[in-house]
Every structure is written in C-alpha cells, then in structure tokens.
Amino acid sequence: MSWDVSQARGFPTVYGRGLLPPLVAELGPWAAVVQPEPWAVVAPTLEHPPAVVVEAGDLSPAHLDGLAAALPAVDAIVGIGGGTAMDTAKWLHWRRRIPLHQVPSLPSVNACFTRMTALRDDGGVRYEGDAVPEQVLVDLGLMGAAPPELVRGGIGDVLSCHTARADWELAALAGHQQPPLSHPWDDGEAAMSLAYLDELEALAPLLAAGDDDGLRRLMECHRDIGWRCHHLGHARFEEGSEHFLAYAFEHVTGRTIMHGELVTLGVLVMSTLQDNDPARPRRIADAAGTRTRLDELGVGWDEVAAALRQLPGFVREQGLWWSVAHELVVDDAVLAAAHAALHPDR
Ligand SMILES: [Zn+2]
C-alpha cells in the first residue's frame, strides 16, 4: 500500500511563515496558551497582544481544571508551543467552549492533530476531552527557530508505528482482542503503519537537512495519524510498547525528556525485544539526525534499565493494551539486548 501526503485528512491546516500576527489581528480579546521558548519568539511580532497568557506545564486534570476556571472571558484560545501547550489549550477549549487555534512550534508530537488531551494522572497517562481547532497554523519560520535536535526528534510519534503495529498483531494472534485490552486487528489500518514508515524513511534526510519540505511532510504524517486515531477510536497502529516504556520511564524516574526523543528510544529498544527488524528504525533515526545517544539526551542507562524492569508490571497495573511488554521477562539477556540497541557500534 502506498500513501501520499495529499491523502492527509482531518483538521484544517495552513502552512506558511508569519502566520500568527494576521490571525490574532482578526480576533477580539484572546488567550495565549504557551511554552516560554516559542512565546519569546512570537510575542514581539504581535500588534494585538493577548488579554491573558497561560503558561502550560502541569498536565494533571486538577491543574488543568484550575486553569480553565481561572480563564477570563475571551473570544479565542491560541495554543503556541509543543505538545504540552497544545494539550493544555485543548483542555481549556473543551471545558470553556471557546474557539481554538493551534500553532505548533515543533513537529514533535501529533497533539495539535488529536482531539483528546493526554493527561498525566495516577502515575500514568490517560486521554480525555474532545477538541477540534478552527485551524492549525504550521509556521515553518517558527519551527525553523527551534533547536534542530528538537525538530529532528519529531519523528518519534511516526516511528512508533513500527513497534505499535507489531504489538497490535501480537495481541490479535494471542487472542487479546477484547476491550479494554485491545482493539480488533484490521489488515488495512495496520498496513498504514508501514506506509507511514515508508514516508518517514523518505523524508528523514530532508528533516536532517532542515528542509521545509521535510517539516511539512512530517507534519502531514502527524495530521493523518491524528485523524486515523479519531476515525478508528483508538491508536493501536501508532501506540504500543514503545510508548509504554516511555510512560514507565516517566513513572520510575519522575521526570521526562522530549516526547519524540523518548519514544524513539522506546522504538529502538522494543523493536529489538520484539525481534522486529530493529535495523529499520535505527536507520531512519540516524538518517533524520535524531538524537539517540543516552549521554546526548541526559539519560542514564540505569534509568532505562529500571523502566524496563518495571515495564511488565506497569502495563498490567495501568491496563494498557496487550503488547510484547506484558509477557516480557526482564532478565540479564533482555537488559543486554536493550543496552546494545541503544549503544550501536557506529
Ligand atoms: Zn506519542
């Protein structure tokens, strides 16, 4: 099955440069939901500043509901930043029924193209809410101003299709189809996982080179994946044990790193443990220039090992979809294989 970017469906999306000033010039009083770095880039360009600036960070439901209650009456909410800003803006829109515009500053996650907010709750992640923006403005100048390594980390939520598809198939073959453990296997939808991988492999060198077309094509993958999650009612083709390892890492360490980079580490480890062509995601990550060395990412091997040891218990406690993680026995051989996946001889 082939896929071309013109098939991307879902939210109205505009690509260009300098998109935010003309948008907000048309708005009445508006609220900016931001992360500090992109906000510092765009704030000086605005002739019509926001009535209120909400800084995104904490994604616990209690904190988000506090923000929603405190938000003054405005005509529009504009999310500006990475996934945390997108998810916070979606929650405020959903709770307050105020029109939403999203301006992602990184091609890092599909949060601007998904309808639910990824809450951090009870030591795990759950999805709630329903937000459809008026439009998503992809400002290639704003993304170009971001540190290149964060742009290149944006492959994670597409690369995850590689391991997620295999987990979905494993669950189907093992008979774990019944809710809440899994969702029915679908040949066509699962084949799309591989089509996204093909597109990612094709665009990876463009992303490494800082080419606008690489950014646009990556965002179109995120857009199509976000639409497909909604259409299917689940994300099995895109979310599996690589995400579960990322969540276990956050749970065990009490911290996180950039989502796309953390998920990329998860794909490299879990594709190895699935015995699922781990050379392919390694090749794509290297071609995109994505950081995967633990020292570059400020991650200790002991942290990854601790997350792996917790993983089989974690996925059961959290009721996550059936995956290779559920029956994993994390012995010395598994730890050695995971270590080797993250420390290739290059
Ligand atoms: Zn993700």
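Structural remarks
- ASP167 vs. criteria touching a residue at least 60 places away in the same chain (Cβ under 8 Å), in contact with a Phe, Trp or Tyr (Cβ under 9 Å, 6 or more places away or on another chain) and over 27 Å from VAL138 (Cα atoms): yes
- Only one of the numbered conditions (1) open to solvent by less than 10 Å² (accessible area, probe 1.4 Å); (2) modelled with pLDDT under 90; (3) part of a helix (DSSP H, G or I) is violated by GLY188, and that is (1).
- Test: residue in segment 284-296 that is within 19 Å of LEU106 (Cβ to Cβ) and of a type in the set (Lys, Arg): yes
- The C-beta contact set for segment 98-115 (first residue in contact (Cβ under 8 Å) with a residue 60 or more places away in the chain, second residue near the ligand (Cβ under 9 Å from one of its atoms), distance under 7 angstrom, 6+ apart or interchain) comprises SER108/GLY83; SER108/HIS259; SER108/GLY260; VAL109/GLY83; VAL109/ASP157; VAL109/HIS259; VAL109/GLY260; ASN110/ASP157.
- LEU194 vs. criteria hydrophobic (A, V, I, L, M, F, W, C), surrounded by fewer than 19 Cβ atoms within 10 Å (Cβ to Cβ), closer than 24 Å to MET116 by Cβ and out of contact with any Leu (no Cβ under 7 Å at 6 or more places or on another chain): no
- Against the criterion of being open to solvent by less than 20 Å² (accessible area, probe 1.4 Å), in contact with a Pro (Cβ under 6 Å, 6 or more places away or on another chain) and among the β-branched types (Val, Ile, Thr), VAL315 does not qualify.
- Segment 235-269, subset hydroxyl-bearing (Ser, Thr, Tyr) and open to solvent by 10 Å² or more (accessible area, probe 1.4 Å), residue farthest from LEU150 (Cα to Cα): THR253
- Members of segment 74-83 that are assigned to a loop (DSSP other than H, G, I, E, B) and within 15 Å of the ligand (Cβ to nearest atom): GLY82
- Residues of segment 52-73 satisfying the condition of being outside any helix (DSSP H, G or I) and surrounded by fewer than 16 Cβ atoms within 10 Å (Cβ to Cβ): VAL52, VAL53, GLY57, ASP58, SER60, PRO72, ALA73
The values are calculated or read from the model by the stated rules, or taken from the named source; none is laboratory data. Since this is a predicted model, take the numbers as computed values, not measurements. All Cβ positions, glycine included, derive from the backbone under ideal geometry; neighbour counts span all protein chains shown. Side chains included, ligands, DNA and RNA excluded: accessible areas come from the protein's heavy atoms. Shrake-Rupley method; radii C 1.70, N 1.55, O 1.52, S 1.80 Å.
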